[in-house]
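I have placed the structure first, in the form of structure tokens, so that the comments after it can refer back to it.
We did not get these values from a lab; they are worked out from the coordinates using the rules stated. Model, not experiment: these values are computed from the prediction. No Cβ is skipped: glycine too gets one built from the backbone with ideal geometry, and neighbour counts run over all protein chains shown.
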2 protein chains.
Amino acid sequence: MAFAFEVLARDGSARRGRLVTPHGVVETPVFMPVGTQATVKGLTPEQLEALGVQIVLGNTYHLALRPGADLIAELGGLHRFMGWSRAILTDSGGFQIYSLAPTRTITDHGAVFRSHIDGALFELTPEEAVRIQENLGSDIAMCLDECPPFGTPRDRLREAVRRTIHWAQRCRAAHHRADQALFAIVQGATDLDLRAECAAALVGLDFPGYALGGFSVGETPEQMRAVLRPSAALLPENKPRYLMGVGRPVDILDAVAAGVDMFDCVLPTRNGRNAQAFTRSGTLRLRNAAFRRDPRPVEEDCSCPACRRFSRAYLHHLFNVDEMLGPILLSMHNIAHYLRLMHDIRQAIEEGRFAQFHADLHAQLNQSSGEDQN
Amino acid sequence: MAFAFEVLARDGSARRGRLVTPHGVVETPVFMPVGTQATVKGLTPEQLEALGVQIVLGNTYHLALRPGADLIAELGGLHRFMGWSRAILTDSGGFQIYSLAPTRTITDHGAVFRSHIDGALFELTPEEAVRIQENLGSDIAMCLDECPPFGTPRDRLREAVRRTIHWAQRCRAAHHRADQALFAIVQGATDLDLRAECAAALVGLDFPGYALGGFSVGETPEQMRAVLRPSAALLPENKPRYLMGVGRPVDILDAVAAGVDMFDCVLPTRNGRNAQAFTRSGTLRLRNAAFRRDPRPVEEDCSCPACRRFSRAYLHHLFNVDEMLGPILLSMHNIAHYLRLMHDIRQAIEEGRFAQFHADLHAQLNQSSGEDQN
């Protein structure tokens, strides 16, 4: 079988795992850089490989609009199109229809929405979401789900959960590629009863992997934290668990502690483009004049290509004069930072000291309390 | 001596040479990518090294404004600041004062101008231009010159030539760094008498290299071609000759035939950022819908990182959705194209077949006559 998942070690609820895909092995817990439009913004595939990235995210919604999944299939699939020979996960577009499309109508049949690019009308059904992702040829495809924003009334949430289950059944029935794993998405917001109902139904369908959707949609970190552990516990022990779109290093730590294996988030690249660097002792805003003469690398003990060769003063200069190389270098550093965090997490689990690692890093990150160092 | 130049082979007036600098050997004729603000736009030093770039250009005017030459000196010089260990040539700022500064007053003492960034008042004297470049620590510095636009009346041209000579004397007197070569710049526009007068005076001062300035300032390619060969012939045989800011591949070919050794131009990177690819059979505009489904690389027999891994369709997509990777990849390809042209030129000179090479390529480029293939 082209696809397999194994839990290699456990430490509390945290899991050290290994995902085998047709495009290589993925060590979990893993962070997946976001390559929305068939490119991780500003970085070449060579640079991603050199950083040690094992899997990136692609986006059904964006790629279906431009350049179109049929075209990508005609050109040999998404891996070949974007020059990336390692693993790819594509999301289903459910989240983007809610967050980007200017108008949308959701029925049991599917979602009808207008493109945020040109207002053109599109319809995305569960079958079409599967067809698109089969055309893209990602290693992991996601079921189409309904992902309502935080604060949606319980009646509507229940409706969304019912529809998400119904759509997952249809996705499962429509899915045929043997070299692609189809994951289901559990919705239910912060309502544990709805989460349990959704998870039970989806687990009954026996998907090869499960995601927790509907987080990072407007709730506070505390609201997420309160339901994350019981939500993760609803998922099968022997399948990979993916927390979609989350998040900050501290959120990832908490989610790993709750038993989550996979993560994606735009923060390292988006913040990198905006001159914000992640470091172990907090974040740095490199546009700050304090860095104008600072000869140190972004992070002293970081071995990423940006820290090996350039000073904070140089990065400050690049951002100050609007040079592309600033976003490029800082995206590299931030991805390297996330990958190192995941590496350290995996090692701590393997060595049975994740609880301590979690507590230490949590204290350190809480101390800088999400605030900038400068 | 840290600096040396040797002509290894001649073929007609064309020269195959070797320039030794404190930061490595430069094979001539050479093309120098432009790194105006201490970065070749969009590319890392690693990528430039991998492309085979031996020398890049930095800019006195821009770097003096931001971040300031004193700051760069404090941080270990321009090489260290920008993470580039190969050779750097810095121009003197004379051209930028004319082309960028919104107001300027030139006297024999120097140029007083307002910054194009914030309108702040600056003064650049010959001594200050040298001091800045010594602070930057480039391998080759340029004398401050007066570079009037095309169409300047002869009286003013004569004045600019007189001043350029006077300033070159002062630059020479002010220059002290033994690990930096100071080149003089011959002005005179398309007036051969003025060129001869300027060259004779500067050659009398025995600089280690000479540039032809005042081209690519508004004259037609034909007007430049008409005076290029006699202008180059005014310069010493045993010193490197640098044609500033030129240009298109066809211009470079003509200038090599006239005996020029060094070139710089923003075309490969600027056009790359604007989706225009240079190929041996003309240029491609990759935003053109014709490339939407084109599975071929930008250029079939090109071994650059962009052509090895990506299709025209992918590049079209990247430009279409405004992804940074489009400008990055096409800047790489275009620099690779220029470097390959220079490699082929050097080989043709070594093998005594440059006249034929020149004629063939000229015919081919004239056939596509500067026009786009698409």
query: Residue by residue through segment A:175-181, which ³J(HN,Hα) values in whole Hz follow from phi under the Karplus form 6.51 cos²θ - 1.76 cosθ + 1.60 (θ = phi - 60°), with glycine and proline marked x?
result: 7, 10, 5, 6, 8, 9, 9
- request: Using only alpha carbon pairs under 8 Å that are at least six residues apart, calculate the relative contact order of segment B:198-310 and give it in whole percent.
  value: 19 percent
statement: Counting sequence-distant residues (5 or more places) and residues on other chains, those with an amide H built under 5 Å from that of B:GLY17 are B:LEU8, B:THR28
query: Can you name the residue in chain B whose Cβ lies closest to the B-to-A rotation axis, and give that gap in whole Å?
result: B:MET324, 3
task: Starting from 0 in steps of 10 Å, tell me what percent of the Cα-Cα pairs of chain B lands in each bin.
output: 5, 24, 33, 26, 10, 1, 0
For segment B:39-96: span of alpha carbons on each principal axis (Å, largest first): 30, 26, 19
statement: If one compares the long axis through the Cα atoms of helix A:354-367 with the longest principal axis of the Cα atoms of chain A, the angle in degrees, nearest 10, works out at 70 degrees
query: Any idea what angle helix B:126-136 forms with the longest principal axis of chain B, computed on alpha-carbon atoms, 0 to 90 degrees, nearest 10?
result: 50 degrees
message: Can you compute 3J(HN,Hα) from phi for each residue in segment B:299-312, using the Karplus curve 6.51 cos²θ - 1.76 cosθ + 1.60 with θ = phi - 60°, rounded to whole Hz and x for Gly and Pro?
response: 9, 4, 9, 8, 9, 6, x, 6, 6, 5, 10, 10, 9, 4
Simple spin-label estimate for A:VAL20 and A:ASN366 in nanometres, 7 Å along Cα-Cβ: 4.1 nm
task: Order these peptides, B:200-206, A:91-97, B:164-170, A:301-307, by their mean beta-carbon neighbour count within 10 angstrom, highest first.
output: A:91-97, B:164-170, A:301-307, B:200-206
message: No partner Cβ under 4.7 angstrom, meaning no disulfide-compatible partner by this rule: which Cys of chain B qualify?
response: B:CYS147, B:CYS198, B:CYS265, B:CYS304
task: Per residue of segment B:239-254, in order, report the coupling 6.51 cos²θ - 1.76 cosθ + 1.60 (Karplus, θ = phi - 60°) as ³J(HN,Hα) in whole Hz, putting x for Gly and Pro.
output: 10, x, 10, 10, 9, 6, x, 10, x, 6, x, 5, 5, 5, 4, 4
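Determine by what factor the alpha-carbon radius of gyration of segment B:1-151 differs from 2.2 N^0.38 Å, reporting the quotient.
Details: Rg = 16.4 Å, N = 151, 2.2 N^0.38 = 14.8 Å.
Cα Rg divided by the expected 2.2 N^0.38 Å: 1.11.
A:ASP139: net charge of surrounding residues, Cβ under 11 Å, Lys/Arg +1, Asp/Glu -1, itself excluded? It would help to have the intermediate numbers written out before the result.
Details: positive: A:ARG86, A:ARG177; negative: A:ASP179.
Value of the local net charge: +1.
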query: Amide H of A:ALA181: which non-local residues (sequence gap of 5 or more, or other chain) have their own amide H closer than 5 Å, using H built in the peptide plane?
result: A:ILE140, A:ALA141
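Taking each residue in B:289-299, count the Cβ atoms of any other chain within 10 Å of its Cβ, then average. What number comes out?
Working: counts 0, 0, 0, 3, 4, 1, 5, 0, 0, 0, 0.
Mean shielding by partner chains, rounded to a whole number: 1.
To one decimal place, what Kirkwood hydrodynamic radius in Å is obtained for segment B:273-367 from all pairs of distinct Cα atoms?
On the way: mean 1/r = 0.0711 Å⁻¹.
Averaging 1/r across every pair of different Cα atoms and inverting gives 14.1 Å.
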field: Estimated distance in nm for a label pair at A:THR220 and B:ARG104, the labels positioned 7 Å out from Cα along Cα-to-Cβ
entry: 5.9 nm
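Where does the charge balance sit around B:HIS79 when Lys and Arg score +1, Asp and Glu -1, over other residues with C-beta under 12 Å from its C-beta?
Numbers: positive: A:ARG309, B:ARG80, B:ARG86; negative: B:ASP139, B:ASP179.
Residues near B:HIS79 contribute +1 overall.
If you rank B:VAL186, B:VAL56 by fewest surrounding Cβ atoms within 10 Å, what's the result?
On the way: B:VAL186 30, B:VAL56 26.
With the sparsest Cβ surroundings first, the list reads B:VAL56, B:VAL186.
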Whole-Å semi-axes of the ellipsoid equivalent to the protein assembly as shown (Cα gyration tensor, √5λ, descending): 57, 28, 21
task: Would you calculate the separation in nanometres between label points at A:ARG154 and B:ALA2, each defined as 7 Å from the Cα along the Cα-to-beta-carbon direction?
output: 7.7 nm
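Counting only other chains, and only Cβ atoms inside 10 Å, what mean value do you get across the residues of B:308-317?
Details: counts 2, 8, 6, 5, 0, 6, 9, 0, 1, 12.
Mean shielding by partner chains, rounded to a whole number: 5.
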- request: Taking H placed 1.01 Å from N in the peptide plane, check which residues at least 5 places from B:LEU212 or on another chain put their amide H under 5 Å from its amide H.
  value: B:VAL186, B:TYR242, B:LEU243, B:MET244
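Tell me what chain B gives for mean residue ellipticity at 222 nm when only DSSP H runs of n ≥ 4 count, each as -39,500 (n - 2.57), the sum divided by the residue total, rounded to 500 deg cm²/dmol. The partial results should precede the final answer.
On the way: 15 runs with 158 residues, N = 374.
Per the formula, -12500 deg cm²/dmol.
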field: In segment A:323-361, trypsin sites (Lys or Arg not before Pro) in a DSSP loop with at most 13 other beta-carbon atoms within 10 Å
entry: A:ARG353
- request: Provide the net charge surrounding A:ILE328, with neighbours chosen by a C-beta distance below 15 Å and charges set as Lys +1, Arg +1, Asp -1, Glu -1.
  value: +2
Relative contact order [Cα under 8 Å, 6+ residues apart], chain A, whole percent: 17 percent
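Between B:ARG308 and B:ARG248, how high is the FRET efficiency from 1/(1 + (r/R0)^6) when r is the Cβ-Cβ distance and R₀ = 35 Å? Nearest 0.05. Don't jump to the answer; show the numbers that get you there.
On the way: r = 26 Å, r/R0 = 0.73.
The value I calculate is 0.85.
What's the extension gain from B:ARG293 to B:ASP179 if we count 0.36 nm per residue and subtract their Cα-Cα distance? Kindly include the intermediate steps, with their values, before the conclusion.
Details: separation 114, 0.36 × 114 = 41.04 nm, distance 5.21 nm.
Full extension of this stretch gives 35.8 nm more.
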task: Relative to the longest principal axis of the C-alpha atoms of chain A, give the angle of the C-alpha long axis of helix A:192-204, reported between 0 and 90° and rounded to the nearest 10°.
output: 70 degrees
